[in-house]
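**Q** This is the structure I want to talk about, given as structure tokens.
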Amino acid sequence: MPYTVDELAFDLRQSMAPGHTWVTSGWTTVHARPGSVCGVGGWFAPPYAAPDAELAVELDMDGHRIADGAAPGVAGVGLLYAGGTWWPGRIVRHGTYHRRHDGELLSLRVQSTLTPLYGQAGFVLEVEIANRADRDVTVTLQPHVDPGGPHRVPLGDWGWVPPAPGPKAVSTGPWTWRAGDLTVELSHEGLRQDVPAGGTAVFALAVHTGTASGRPRELAAEAARWSSQRVTRALAHVPRLSSDIPGLAEYWRSSLVSGLVCLWDNPGFITSPFVATSGLDGGALCAYAWDTGGYAPHLLTLMLGDAATGVLESLMKVDLTRHYAIAPDGSGLGVPYAYSGWSLVTLATAVAAHLGLSPALVTQLHDLVEGLDARFTPAGALRDYGTQHNLLEMRGTGWEHVVASPNAERAWCLDRLAELSEASGARLPVGDLRSRARDIRDAIARELWDEQEGWFRCRYPDGQSELVRHVQAFDAMRNGACTPEMADAMLGQLREGSFLSPYGVSAVAADDRLHYELGDTDWSGGGAYTGEGPQLALTLWERGEPGLAWDVMRRLLWMGRHFPYFPQEHYCDRPAAPPEGRRINIVAGLAGAEAILTGAAGVRFRLDGGLVVTPPALPDGGLELTGLTYRGRTIDVSTASGTVTVDGRPHRAGEVIT
């Protein structure tokens, strides 16, 4: 059975989410204001954006005003926040008020449920108030709405930065506001109720555009139904994980949720689902070829099902010689990016294994990759990929120009295109592709490897070189650029005080004094992009280094306990993420589940539609995956016993499942 919404619950008392907490229906995303029980911040439902909107609620209990979101400390005398629970599709928060006034006890338990709308733009806030005092009271809700500057943003303009507010909305009635041609309304089902001692009252408010319709509770119930269906649909082919390893199951679930919150169902988008790079706070609500295809291609394909082919095709329609991403309407965004071709081939390889690819699509992919390759300056068999503008965006001089990665990815792509051609019946020049791949790998080893340092150098156009101990070099190793001797030298750097820290992997080794810094956790040190740690673990499992792979993976498991969905980057010296910037959520959070499925559980998907499962032993315990659905078969895996079953029947580990 697939996971249900309730099984993906997260206790907000444990949250270390940067930028605080957002929730999405796949149509609308909305911010739960931190420290409050009922407060709501900005919301987005493309093409509508209300980034600076606010809803606050005051309670009036027999003439006593009770504010929400009391400041920390003794002076806080309002409604006190007491935690809550996050689910895909809703947030429930709890609060308490327990004080004496003129000798009389006023005691309330307050619970709010924040639900972003589905199919409509806006949200519902349901407020349940329990009277714990020994006398009857009358409770009145006092909502305070500031719609901010809501406006329509064309789908082609939803890029990396969240939309800014538009002109300030003006009031046109008691609960309506207008900004240009956009109307925002607050609707409710009554704001005053008598509550007997021990009794409960429930209020329901909805803030939405003027195009929305329905009573607030009906809208919330409809959104909840859609949320349940979305989870069931997205996880129908994804296995359940159970484990006696502390934190592994939580990490797996948060990784899956990281993918779920990036899926958008709006039929006005170029695909539905549309896979956003981020999007919860309105930023990076675009499909970046690199992280969409590069970090968790098999998990993403399992989640998308037949729609995965459409997602691949939508990314292939953009001119990647000019852009790195597509907006929700399919138009191109940003600059050319060195890893885009590799990302598309990676996703195409997964789609081919799960669904198959037509010869025409393989040929189109080949032509696209060759065109992108020609975009960058030749340097013999290698390519000069330019400055940080097209690469990792480190803040100092470093991993630039003629680099081992993504040149190694070029070689990998050529080999995979040859395999895709053979598997699909496309008529690509297979021999030439493989020959060029060998030439690239030979050139990387001959021209960029520094044997004395045991690492790759980057070569600049003037002949100068730079040596950066960067995690990206392990991607070059993964993509076939290393001899066994070179790989051994690099793996020796995976140690404490260099790349490894208690809570993850550093993008730049801590003992690289030229390049390591703490201001850019993403790619320059002190932490890493969220997809890199698990991808490194997967690389090590693929290379037959299970002990070292687990040593990397175990350092990441804290994230499942402290994030409902994974942020773009995190620290590795402490269990935290940077609190500011464009770092709310990331689709590459799926890389954790990808590493567990295809690395820790040993599941290998083949281009011919076959499957090989060789579960390695894990040092700290075992895991079981049940209900993996692949090409009509159901596969269960246990690493503890080393057993594999197919449709309920035992199967020999390491044998091809057809």
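What follows draws every value from the coordinates through simple rules; no lab data is involved. All values reported here derive from a predicted model rather than from experimental measurement. Glycine also receives a Cβ, built like all others from the backbone with ideal geometry; neighbour counts cover every protein chain displayed.
**Q** Grab the eigenvalues of the alpha-carbon gyration tensor for region 434-487, scale each by 5, take roots, and send me the semi-axes largest first in whole angstrom. Working shown, then result.
**A** Values: eigenvalues 62, 42, 20 Å².
Semi-axes from the Cα gyration tensor: 18, 14, 10 Å.
**Q** Expressed in whole Å with the largest first, what are the equivalent ellipsoid semi-axes of region 6-230 derived from the C-alpha gyration tensor as the square root of 5 times each eigenvalue? Before the final figure, lay out each step's value.
**A** Values: eigenvalues 181, 73, 56 Å².
Semi-axes, largest first: 30, 19, 17 Å.
**Q** If you take the Cα atoms of region 25-66, find Rg, then find the Kirkwood Rh from the mean of 1/r over all pairs, what is Rg/Rh? Don't skip to the end; give the middle numbers.
**A** Values: Rg = 13.5 Å, Rh = 11.8 Å.
Ratio of gyration radius to Kirkwood radius: 1.15.
**Q** Follow-up. I need the P(r) histogram for region 376-491: all alpha carbon pairs, bin width 10 Å from 0 out to the longest distance, whole percents.
**A** 14, 44, 30, 10, 1
**Q** How large is the charge dipole for region 6-230, taken about the Cα centre, if only the Cβ atoms of Lys, Arg (+1) and Asp, Glu (-1) carry charge, to the nearest 20 debye? List each step's numbers first, then the result.
**A** Values: 18 positive and 23 negative charges, 56 e Å.
Dipole of region 6-230, to the nearest 20 debye: 260 debye.
**Q** Taking the 0 to 90 degree range and rounding to the nearest ten, how far is the long axis of helix 248-260 tilted relative to the main principal axis of the chain, both from C-alpha atoms?
**A** 80
**Q** If you don't mind, there's one more thing I want to ask. Relative contact order of the chain: what whole-number percent is it, with Cα pairs under 8 angstrom and at least 6 residues apart?
**A** Working: 1608 pairs, mean separation 84.7, N = 658.
Relative contact order comes out at 13 percent.
**Q** While we're here: For Leu518 and Asp146 in the same chain, what is the full-extension length gain: residue separation times 0.36 nm, less their Cα-Cα distance, in nm?
**A** Values: separation 372, 0.36 × 372 = 133.92 nm, distance 3.75 nm.
Extra length available between Leu518 and Asp146 comes to 130.2 nm.
**Q** Can you give the net charge of the other residues whose Cβ lies under 14 Å from the Cβ of Arg100, counting K and R as +1 and D and E as -1? Could you put the intermediate results ahead of the total?
**A** On the way: positive: Arg99, Arg132, Arg135; negative: Asp62, Asp102, Glu104, Asp134.
Net local charge, Arg100 excluded: -1.
**Q** Another question about this same structure. Which whole-angstrom value gives the distance between the alpha carbon centres of region 307-375 and region 1-27?
**A** Answer, in whole Å: 31.
**Q** I've got another one for you. Within the set of other residues whose C-beta is less than 9 Å from the C-beta of Leu205, count the net charge using Lys and Arg as +1 and Asp and Glu as -1. The partial results should precede the final answer.
**A** Numbers: positive: none; negative: Glu126, Glu189.
Taking every other residue near Leu205 into account, the sum is -2.
**Q** Taking only C-alpha pairs under 8 Å that are 6+ residues apart, what is the relative contact order of region 371-413 in percent? Each step should come with its number before you reach the end.
**A** On the way: 34 pairs, mean separation 13.3, N = 43.
Reported relative contact order: 31 percent.
**Q** Neighbour counts of other C-beta atoms within 10 Å: give me Ile586, Ile657 arranged from fewest to most. Walk me through the intermediate numbers first.
**A** Numbers: Ile586 30, Ile657 19.
Lowest to highest Cβ neighbour count: Ile657, Ile586.
**Q** Here is a follow-up. Can you sort Thr598, Thr176 from fewest to most other Cβ atoms within 10 Å of each residue's own Cβ?
**A** Numbers: Thr598 21, Thr176 16.
Neighbour counts put them in this order, fewest first: Thr176, Thr598.
**Q** Let me ask another. If the chain between Ser213 and Asp136 were fully stretched, how many nm would it gain, using 0.36 nm times the residue separation less the Cα-Cα distance?
**A** Details: separation 77, 0.36 × 77 = 27.72 nm, distance 3.47 nm.
Stretched fully, the Ser213-Asp136 segment lengthens by 24.3 nm.
**Q** Taking the Cβ of each residue in Thr387, Thr539, Thr645 as the centre, tally the other Cβ atoms inside 10 Å and list the residues starting with the fewest.
**A** Numbers: Thr387 12, Thr539 20, Thr645 15.
Least to most surrounded, the residues fall as Thr387, Thr645, Thr539.
**Q** With angles folded into 0 to 90 degrees, how steeply does helix 430-447 sit against the dominant principal axis of the chain? Use alpha carbons for both and round to 10.
**A** 90
**Q** How long is region 509-580 along each principal axis, judged by its Cα atoms, biggest number first, in Å?
**A** Principal axes ranked by extent give 37, 35, 16 Å for the Cα atoms.
**Q** Same structure again: Counting other C-beta atoms within 10 Å, and keeping those with at most 13, which DSSP coil chymotrypsin sites (Phe, Trp or Tyr not before Pro) do you find in region 210-271? Before the final figure, lay out each step's value.
**A** Details: sites: Trp226, Tyr251, Trp252, Trp264, Phe269; in loops: Phe269.
Sparse-neighbourhood loop chymotrypsin sites (Phe, Trp or Tyr not before Pro): none present.
**Q** Region 353-403: Rg/Rh from Cα coordinates, Kirkwood Rh? Don't skip to the answer; put the middle values down first.
**A** Numbers: Rg = 15.2 Å, Rh = 13.1 Å.
Reported Rg/Rh (Cα atoms, Kirkwood Rh): 1.16.
**Q** If you average the alpha carbon positions of region 280-297 and of region 180-221, how far apart do those two centres end up, in angstrom?
**A** Their Cα centres are 34 Å away from one another.
**Q** What FRET efficiency, computed as 1/(1 + (r/R0)^6) with R0 = 60 Å and r the Cβ-Cβ distance, is obtained for Asp608 and His101, rounded to the nearest 0.05?
**A** It comes out at approximately 0.20.
**Q** With N residues in region 162-300, what two-decimal value do you get for its Cα radius of gyration over 2.2 N^0.38 Å?
**A** Values: Rg = 20.3 Å, N = 139, 2.2 N^0.38 = 14.3 Å.
Relative to the rule-of-thumb radius for its length, region 162-300 sits at 1.42.
**Q** Going by Cα centres, region 85-134 and region 536-615 are how many Å apart?
**A** The distance from the Cα centre of region 85-134 to that of region 536-615 comes to 36 Å.
**Q** Right, something else. May I ask you to derive the relative contact order of region 6-230, considering only C-alpha pairs under 8 Å and at least 6 residues apart, and to give it as an integer percent? Let's see the in-between values first.
**A** Numbers: 571 pairs, mean separation 46.6, N = 225.
Computed over region 6-230, the figure is 21 percent.
**Q** Report the calculated FRET efficiency for Asp511 and Met16 (r = Cβ-Cβ distance, R0 = 35 Å), to the nearest 0.05.
**A** Values: r = 27 Å, r/R0 = 0.78.
Efficiency, from the Cβ-Cβ distance: 0.80.
**Q** What is the extension gain from Glu496 to Leu191, computed as 0.36 nm multiplied by their sequence separation minus the C-alpha to C-alpha distance, in nm to one decimal? Display every interim value, and only then the final one.
**A** Values: separation 305, 0.36 × 305 = 109.80 nm, distance 5.87 nm.
103.9 nm is the gain from fully extending Glu496 to Leu191.
**Q** Something else now. Treat the chain as a sphere of radius equal to its Kirkwood radius over Cα pairs and apply Stokes-Einstein at 4 °C in a medium of 1.567 mPa s; give the translational diffusion coefficient in µm²/s, rounded to a whole number. Present the calculation step by step, with values, prior to reporting the outcome.
**A** On the way: Rh = 26.1 Å.
Here the translational diffusion coefficient equals 50 µm²/s.
**Q** Given only helices, namely DSSP H runs of n ≥ 4 each adding -39500 (n - 2.57), what is the per-residue ellipticity at 222 nm of the chain, to the nearest 500 deg cm²/dmol?
**A** Values: 15 runs with 170 residues, N = 658.
Computed ellipticity for the chain at 222 nm equals -8000 deg cm²/dmol.
**Q** While we're here: Can you tell me which of 587-596, 198-207, 412-421 comes out highest on packing, and rank the rest after it, using the mean Cβ neighbours within 10 Å?
**A** 587-596, 412-421, 198-207
**Q** May I ask which residue of Cys482, Leu382, Gly592 lies farthest towards the positive end of the charge dipole of the chain, with charges of +1 (Lys, Arg) and -1 (Asp, Glu) on Cβ and the Cα centre as origin?
**A** Positive-end residue among those listed: Gly592.
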